Each structure stands twice: as structure tokens, then as C-alpha cells.
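Written out below as C-alpha cells is the structure these notes cover.
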Amino acid sequence: MTVHFKQDEPDNSNRLDGMKQGVLGKPLPRIEGLAKVTGTAPYAAEYHIDDCAEGVLVTSTITRGEVTSVDRASVLSMPGVIAVVDDEKLCTRAAQGTANEAPMQGPGQVCYWGQPIALVVAETFEQARDAAKHLKVEYREENGAALDPNAVEPEEQEDETVHQGDLAHAMAKAAHSVDVTYTTKGHASAAMEPHAAIAQWDGDKLTVHASLQMLNYNITELADALDMEEENIRLISRFVGGGFGSKLGISEEVVAAALAAKQIGRPVRVVQSRQQVFQTVMRRSETTQRLRLAADSDGKLTGFGHEALVSNLPGESFAEPVLQSSHFLYGGENRELMLKVARIHRMTAGSVRAPGEAVGMPALEGAMDVLAEKVGIDPVELRLRNIPEQDPEEDLPFSSHKLADCLKQGAEAFGWDNGPRKPRQRREGEWWIGTGMASAARVHNIAEAKARVTLKADGTALVETDMTDIGTGTYTILAQIAGEMLGLDPEQVLVELGDTRHPRGPGSGGSWGAASIGSAVYVACKVIREELAKKVGISEEELELSEGKTATGESLTDLLEGNDLAREGHYEPGDIEDDYTASGFGAFFAEVRVNHYTGETRVERMLGAFGFGRVLNAKTARSQCIGGITWSIGVALTEALEFDPRDGHLVNCDLAEYHVPVHRDVPDLEVVLVEERDGAASPIQAKGIGELGMCGGAAAIANAIYNACGARLYDYPMTPDRVLAAMPD
Amino acid sequence: MRPFQYTRAPSLAEASDMTAGEDTLAIAGGTNLLDLMKLQVETPGQLADINRLGIADVEDTDDGGLRLGALATNTETAVHQRVRADYPVLSRAILAGATQQLRNKATNGGNLCQRTRCFYFTNIDQPCNKREPGTGCGAIDGIAKLHAVLGTSDQCIATYPGDMAVALSALGATVQISGDKGERSVPVRDFHLLPGDTPWIENVLEAGEIITGITLPPPVGGTQIYRKVRERSSYAFALVSVAAIVELKDGKFSRADLAFGGLAHKPWHDPRVGEALLGQPPSDALFDKAANILLEDARGFGENDFKIPLTRRTLHAVLVQATEKAA
């Protein structure tokens, strides 16, 4: 039985706070943690499937053109080679997040260097890889493919455009103004587990083990790509070794494995190499961003401008949503916002951890630091003075707003010196030392979700949904929500995820997983509670459950009388989405040291204070924040995709040359959870958290670099060469 | 990966015979070679495993120096008591490289032979004169941030990526080599070659020759520094690195052995740099003079232009640090 709940109004009843088990929010370790660290949690490629052949993708060595011939004979006689697949259904790009349709297909047309054009299948992986390198392919190359986003006429994303008042006039009249242009380089998701799939057919039924974030969408994408019915497909993604956006949609290996398995009548495994993951899945677009801030003599914003240029391949709908939080973070009645996308022939741009704010906020918060200096006030104070009463563009209230609390509590916990700020005040030997801060903001996303909860006759519970856990703690928080509602120790709750045989969840992405699927579990549990209350003869509100018993000592097993009680919760965000602007907020504080001679920057300590609704698990929430701050360090200092200027190929395509922060780059990070209840965000009063921790943190580091050594940089990442170029003598 | 034959070499002589053939490569730790084989950059038909040749010891030499077996691991070498006590620049250089896991597996001989990390060398679908003579250099006019500013040619601007050899160069170590013509010793400073017109020839090893060890001269004392400038604080190749062995007597330089990494196709040692310091009291002007000599012929390729001022500043920082310590 399915119970549908559509949220049209805020739910401020905070029912979860009235439950008696007392397990929600507790810092429980991840349920699947032991299995993962002992290697017993199988990832997509690790399933043992009899008679499985191995496929390796062949990728293009031209940027743009047509494949005129694939010489199968060139490899079919090589040892172990079984087949060459160049079916026109092969995908040449990854699907965008929530696309719900097949990505670009047709390997005959090449749109970027490194694009998959065929699959070679062999008995062993090594044989397949060798043959893939030897496959003779001929092309008709089209010259002159656009590669430089600054060299083409970009398209305006009109739904992002805001013209409000007269910004030019506000800038001219302003007591203080800032007009600066920032750049950010492209980023890679850099998930540890490479993209992989094993496909097997049983008649017209297809089962695929894959590494995916959003099975609910992925099954539709795969069905569309293969032109078959979803009912005939089963996708399994029980454990995912990180996604960071790169596994939101299906990638080339999923479709290739399915087509190959069909063609040769055997299961086929396709694992992308590290280089292929970098070159064929998703990049975050580089950005160029102009920030214009106009302020009165007190630093109150009278004008706000944010214009951004991003890029993508022709035919892709995604444009890095750089302005996402700029629309509402600060006031300023005169506003100009514009997003443009340049069509170029580099690999697909798509969602990479915190799309939008991950790069938009570092630019905005850098510019705010410049403004604070001009106004001559503490940068924390500048933010506090500019928190709007309501959404400055839409006539909407905020669902909740913890920015001021985060700024104040964060400053306090960090030991922020709120006196006058001047750069180059502290030096120890070769090192300049300084501090910086920035606000955090990340829009709250939420989606329709279904989960089945079964209260078993034996007094344990089972939660089933095709929701994924990409390392974030979904298994654990769902056990906590169900345990809290049903009066069970979470150890008594079995959570089954990542299988499309289960009810459709929202998938993991946009930080919406916990609030969305958690609400579906909540809805299902609430109805189960109603049934139980009926049996006891009281109302659901009166029912107190803990340790498997009611307040009067009746056990769940007695109440169930040998029967399972199953309900499917179906949560759907309703009109409420149009009634409020909802976002997570926070504040970052960083202390860095910058080497006077070499320009190397090392983060000494960093703190983030975040308000994102209800905390479902203090440990996994904190871990999410720490992960986010770590990525902030990457954005600020090290991460940059480098593309060849002549053919557009990604050159630094492995983890040795694409620099994510290593342990030594990440000091002790402190997290302050500014807990709140946001009844308009979800029925469980929770908002997204995964991405918030990296939305602005890079600016805290950039601002600290300036405070330390006086080098004001406008280009991320702030590598030693750039720091030195901006370093005063 | 091309299918290959794996053979354990039973003796040095047989290892030499095996690797004399064009299609056979010696494998020790394999930390670099296996990666390159997966990428099809190296495609040997046979690997001769030299791990059991008994050249893994670290032992004192008669003159008070130290001989590092070619197959001693980087970790064993870096933590060796005498290395830490008498050749700290070497210990520091090794520990500045790679990761703990890689150092546990990587050998001293292999480290000397590691290939460049140039993006165009490791991508077989791009031009590279080193990998495929005559195809051109992808890095010139390409992405060349990590590339060389000294000793380049119009054929190749790749760098030697290692740290250990930079310290060995400053120390004036020698490499022991064994081949069918017998044994020979080559100073580390002469072991690696500049690219010239033959960028695929990276060192003086002839076909069939195998490094058996590295000999360090008797300890020289002094202040020993290895400074590596990099974009992240571990597991990154040097933008520039400096190995320095410096001593002051009566306020003047009495020793100044300097070698540089990240600048060229080999660890860079220019004797004139140290000579300019000898007998002089430390000063900013003197450090500048040393940098001018070092960088006299330096030439950037756009993206790596910054290496020239960065090297100047890093040398300055190292000399300030060394002379403050030594004073």
C-alpha cells in the first residue's frame, strides 16, 4: 500500500523531535563502513559473474569529424579478442544529471578529442586494452573546431538573466564600488571508483551492475538508449565509490556493456581507465565571472552584478549554474545577472560537486572581501549588513536563514579578530600568515521519492528503495529515521538500497538525497505508526515507541501478531517549492601561510559553521562538511583541468597530475553545526548538506592569502606561480 | 598493454644478455614502468626481473663513503641510519618524492631511470619526439607548465622528474654500471643527458647495461637542504627543487654544492654557481649573482616562464636558510 504525501505547507510540527527512541541525529558510524574497509562491499566491477568477457572503450584521436571506417579485422585476430562493437546506439557522452533520456549516441560523429567511438571485447582485460589501442580507425576530420570559450560568440541563458533597477547608475553613485573579474579553471569529479558496468542478458531481460548515483533516472536513460522497456531492465548500484556528480547520469560504459553482451551472447564488463574517466565523463566548466558591487558609505549594497561565461559542447543543455546563490544571498536593489555559455569542442561539461556555487561563490565572496577593505569594515560585518529580509529578486520569504548565526558562531569558534584588517601584518621566517573568511550558500534541492518500510513480525524493520549511498551515509540515516519513528535500535533496521527492484528514490545528487528519501521513509513510518496506534486504541500522536515497545509495555511483535506490516511512502514536494526561497547557509574561516619566496600556500586551519536544517547524523553530517571544506582547498589552491590549446584534449587526466588536496594539504578542520528546523524544506525539516561545505570556502582561503601577503588574486586555483606574480615586493 | 614474457633474471650476466635485446626491459620496483606499459608508452615483449640479483644492500665503502645497492628501495635508503646522519640531503630528497607506498616499492636504480611526466609523452595519441622520434614535440606550444627552462632543444622540453638524483648530483655521487663489456662508473652529474636531437636517449646506459649501485663519497658535512616547490604539499612533481650542501668558514662560503630539479632534462648542476659563492660572505647581492649565473641561458615556453623567477627566489630562500643555519 502506497501512501502519497505532497508537501504544500511548511511542517513545523517537528514530529521527529517528539519520538522516544532518541537515535536520530546521533553520531552513529556508517552501517556499511566495516564492509567497505574490509573489502566485502562489492563495487560495480567486483561482482563475480561466470563467463564474463571484458570490454575496453576505444576513443577518438581527432577533435571533430566523422569516423569513416572501423577496421575490425585489424584486431579480431589478436589473442583473445571476441568482438568489436561500434553499434550506432553506443553513447558518445555521459547523460546529464536527471536527464531521464539517453545521452548523445552515434559513435560515427566525433565532437571532442577522446570521445568513445567503439568497444573492443576480449577474454581478458589486458587483451581488450591492447586491442583497443590497435584498432584501426579512419576519420574524415573537420578542422577549425572552436576550442577557446573566449573566442566564440556565447549564448545567453535567458532564464538566468536579471535586469533590476539601474546597476550602472548605482555603481556611478556608490560611495564604494568593486568591479572585478575572476576566473576559475575546469574541475574533475575525481571519484575514487572508476566508472564501470557489468551487463548480462537473460532473454530480453537485462541486468546491469553499474556505478551510478541516480538509478531512478538511469534506468530511463538506459531504456531510452537501448530502445527497450524499463520493466526489462534491472540496475544494481549497492555501493558506489564516490560520484561527485560524475555518476548522476549513465556514462558510455553502461550502454557499451549492454550492447556488447547482447552482441556476443555473454556477460560483458566494461571498466573505464582513470584516463578515460577524466576524458570522457564530465568536466566542470571553466568560468569567467565579472562581479560588480555598489555600496553606500556603510557598506550596504545598492547594486549587485554577477555575469558569468561558461562553456559546453553543442547540444548540451547544461550550463554551470554559477549564479545560483547570487540571486538571493545579498541585497542590492539594482541588479544585473547574466549567464552565457560558449559552445566549444572540449569534453562534456556537466555537474561536478556543487555545480554553480562551487565556483560562483568563491568569486562573489572574493569580491565581497575587496569591498570590505574599501568600506573599511570587518568582512564579517559587511556580510551581516547585507543579509536581505527576503529574496531580493523574487517576492518570496526564506524558508529559514542561518547565515547570521553561522557568521557569528563561526567567528567566535575560530577566534576571528574583528579589528581593522590590514595585509602583511604577521610573518614567521619565510612565511606570511593571515586569515580570511567567506559566506557559504547552496540552494536547497528536493525531489520526489519512494521507499517501502516493512515492520517485520519479528520486530525488526526493512527499508527498501533504489536510492543510492555514494559514501555519504544514506544507509545509516535511513536506519536512524526508521528506528526513531518505529522505536527500534538502528541495528534492528535493515536498509536495502541501490536496486531498481525497489521503490524509486530520488538518487544522490544536488545534496537532495537525505531530505528527499528521508521524507519518504518518514511518510511510510508515520502510516505504520497509525496502524499500530489503531491496534493499541490510541491516536498516532499519542503512540510512544522505544526499544520495540509501546509506553505501556506492549511489544511490537505482540501487536503485529505474526504479520509483517509494509507501507510504501511516496513523498512529493508540492506548492511549497514556489512559496519560499530555500537554501543552506554557512560561513568559512581560514588561516593560511604563504611562502614569501616560493608563493606556496598552505592552509593552517579552517573552520566551517553550517545551518542546513535538521542534523540526521552528527557524524556523517560533519564528515560531509569536512569533505566539502577539503574540496574548497582544492578549488582555492590546486585543482585545474588543463586543455591542449590546439585539439582541446584534456592533458592532465590522472590523479598524479590533476591535483586534489592530499592529506598533507588538509589541516585539522573544525565544523560547527548550527542546527535548525526548516519546516518548509522537507517534512523531516532537513536540507541538503553534502555540497554546502565547498560553496565559498575557496574564497576564505583566497582572502586569507591577501591578508597574509598582500597578493590579491582573481584567478583560481592560486598556485605558486600566480601568487608570486601578485606578491608585492 | 602488449602481452609480454616475464622472466626472472638468475644472474647479472644473464640480465645483461636479456636486456641487450631491443625488446626486453629490466624491471625492478616497476612503479614507473608498469604505468607506462598500461598506457602503451612502453611496449616490451619481455621483462627481465632483476629483483633477485643481490644488489640491494646499503654498505660502507673503504674510504668512508656509502654504497647504495641499485635494488635497495627508496624507503630503505631514506631511513638508513648513515644516510640520515651523513647525507641528510639525500634522505630529504627521497622523502620529498612520490608517496610512502611508491617509495616502499621504488628502487634506487629505477629511480635514476624514471621517465619524464610530460603529458605528451604519456599520451600515445599525441606527438612526442621522445616516445616516437620524428612526430614533433606536443609540449612546445602546448601545456608546458612543468617543463624545462634550461638545456632544452627544439625536439624536446621535458624535465627529468625525480628528486633523489638531484641530491645525488649535489653530493657528487657516482653510478656503478655493469654490462657485457664489464663494469664502469659514471658520475651522477654525467649520467643523464640533455635532449638535443635524440630526446629518446635519456642517460648513458647502453643496451644490456644495468645499474648495480650508487656510491656516495665520504661525508662532507655542512648544512644540507633539499627544498622542493610544488603545487600541493605531497605527491606532486617539483616546479623547481634545490639540493644544497653549504658550509661557512669565517663568515664566508667554504662549500657550496648546488643542484636543481624541475628545470631540465637532467638534474641541473652548474659548477659556476657554487664557485661564485666560494670565498664570499653571504649577501643578497651574492645570491643574485649566483642566480644570474644559473639562469643566464634560461628560456621559458610561456606557461613555464614563471620557473625562472621562482628558481631565483627559491635559490635565495635556500641560501638564506643555509647560511643562517651554518652561521
Divide, for the stretch A:681-729, the radius of gyration over alpha carbons by 2.2 N^0.38 Å, where N is the residue count. 1.69
In a GNM of chain B with a 10 Å cut-off on Cα contacts, which of B:THR61, B:THR116, B:THR311 has the highest mean-square fluctuation? B:THR61
Computed log₁₀ I(q)/I(0) - Debye formula, equal Cα scatterers, no solvent, the protein assembly as shown, q 0.05, 0.06, 0.09 Å⁻¹: -0.35, -0.50, -1.10
Ignore the peptide's own chain and count Cβ atoms of other chains within 10 Å of each Cβ in B:230-241; give me the average, rounded. 6
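Can you compute the charge dipole magnitude of the stretch B:223-326 about its Cα centre, using +1 on each Lys and Arg Cβ and -1 on each Asp and Glu Cβ, nothing else charged? Give it in debye, rounded to the nearest 20.
Dipole magnitude for the stretch B:223-326 comes out near 260 debye.
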Nearest 10, in degrees from 0 to 90: the angle of helix B:307-326 to the longest Cα principal axis of chain B is 60
Alpha carbon centroid spacing (whole Å) that separates the stretch A:679-719 from the stretch A:439-466: 29
When the charge dipole of the protein assembly as shown is computed with +1 at the Cβ of Lys and Arg and -1 at the Cβ of Asp and Glu, the Cα pointing farthest to the positive end, of A:THR460, A:PHE588, A:VAL56, is that of A:PHE588
Counting partner chain Cβ atoms within 10 Å of every residue's Cβ in A:646-654, what's the average? 5
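With Cβ to Cβ distances under 12 Å as the rule, what net charge do the other residues near B:ARG299 carry (K, R +1; D, E -1)?
Taking every other residue near B:ARG299 into account, the sum is -3.
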What's the magnitude of the charge dipole for the stretch A:48-202 around its Cα centre, counting Lys and Arg as +1 and Asp and Glu as -1 at the beta-carbon? Answer in Debye, nearest 20. 440
Summed over the other residues with a beta carbon less than 15 angstrom from that of A:MET727, with K and R at +1 and D and E at -1, the charge totals +2
Order by protection proxy (mean Cβ within 10 Å, highest first), peptides B:76-85, A:400-409: A:400-409, B:76-85
Threshold 40 Å², the stretch A:590-637 residues less accessible with all protein chains present than alone (1.4 Å probe): A:TYR597, A:THR598, A:GLU600, A:ARG602
Using all alpha carbons of the stretch B:223-326, what is the percent of pairwise distances in each 5 Å bin, ordered from the shortest bin to the longest? 2, 13, 25, 27, 17, 10, 5, 1, 0
Could you state the angle between the C-alpha long axis of helix B:284-295 and the longest principal axis of the C-alpha atoms of chain B, as a value from 0 to 90 degrees rounded to the nearest 10? 30
Any idea what the dipole of the protein assembly as shown comes to, in debye rounded to 20, about its Cα centre with Lys/Arg Cβ at +1 and Asp/Glu Cβ at -1? 3040
Packing rank of A:13-19, A:247-253, where each peptide gets the mean count of other beta carbons within 10 Å, highest leading: A:247-253, A:13-19
Helical contribution to [θ] at 222 nm, DSSP H n ≥ 4, -39,500 (n - 2.57), averaged over chain B, rounded to 500: -8000 deg cm²/dmol
Restraint check, B:LYS145/B:LYS266; A:LYS374/B:LYS145; A:LYS185/A:LYS402, Cα-Cα greater than 23 Å: A:LYS374/B:LYS145; A:LYS185/A:LYS402
Projecting each Cα onto the charge dipole of chain B (Lys/Arg +1, Asp/Glu -1 at the beta carbon, about the Cα centre), which of B:PHE253, B:LEU168, B:GLN5 comes out farthest on the positive side? B:PHE253
DSSP H segments from chain A that extend 20 Å or more along their own axis, Cα-based, with Kyte-Doolittle mean of 0.0 or above: A:357-375, A:513-536, A:618-633
In Å², rounded to a whole number, the accessible area per residue of chain A with probe 1.4 Å is 34
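Could you sort A:154-164, A:212-222 so that the peptide with the highest average Cβ count within 10 Å comes first and the rest follow in order?
A:212-222, A:154-164
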Run the 1.4 Å probe and let me know the accessible area of A:LYS205, rounded to the nearest 10 Å². 100
Shielding by other protein chains, B:124-131, mean Cβ within 10 Å: 2
Could you give the distance between the Cα centres of the stretch A:66-93 and the stretch A:266-329, to the whole Å? 35
Along the charge dipole of the protein assembly as shown, Cβ charges K/R +1 and D/E -1, which of B:HIS147, B:CYS118, B:THR61 sits furthest on the positive end? B:THR61
Connecting every pair of Cα atoms under 10 Å apart in chain B and solving the GNM, the largest mean-square fluctuation among B:ALA26, B:ALA207, B:ALA170 falls on B:ALA207
Percent accessible area from carbon and sulfur atoms, the stretch A:75-134, protein chains only, probe 1.4 Å: 47
A:HIS209, B:HIS269, A:HIS663, reordered so the largest accessible area comes first (probe 1.4 Å): A:HIS663, B:HIS269, A:HIS209
Using a 1.4 Å probe, how large is the accessible area of A:VAL662, given in Å² and rounded to the nearest 10? 30
Any idea what Rg and Dmax come out to for chain B if you just take the C-alpha atoms, in Å? 19.5, 63
Per residue accessible area in Å² of the stretch B:223-326, where ligands, DNA and RNA are left out and the probe is 1.4 Å: 36
Subset of A:LYS20/A:LYS526; A:LYS456/A:LYS534; A:LYS619/B:LYS228; A:LYS340/A:LYS450 violating a 25 Å alpha-carbon distance limit: A:LYS619/B:LYS228; A:LYS340/A:LYS450
Using the Cβ atoms and a cut-off under 10 Å, what net charge is assigned to the surroundings of A:PRO149, where Lys and Arg are +1 and Asp and Glu are -1? +1
Using Cα positions and a limit of under 23 Å, work out the lysines in reach of B:LYS38, with same-chain residues fewer than 8 apart set aside. A:LYS133, A:LYS136, B:LYS105, B:LYS130
Buried accessible area between B and A (1.4 Å probe, both chains summed, ligands and nucleic acids excluded), in Å² to the nearest 100? 3300
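The values are calculated or read from the model by the stated rules, or taken from the named source; none is laboratory data. All of these numbers come straight from a predicted model, not from anything done at the bench. Positions of Cβ are generated from backbone atoms using ideal geometry, with glycine treated the same way; all protein chains shown enter the neighbour counts. We work out accessible area using only protein heavy atoms, side chains counted, and drop any ligands, DNA or RNA first. Shrake-Rupley method; radii C 1.70, N 1.55, O 1.52, S 1.80 Å.
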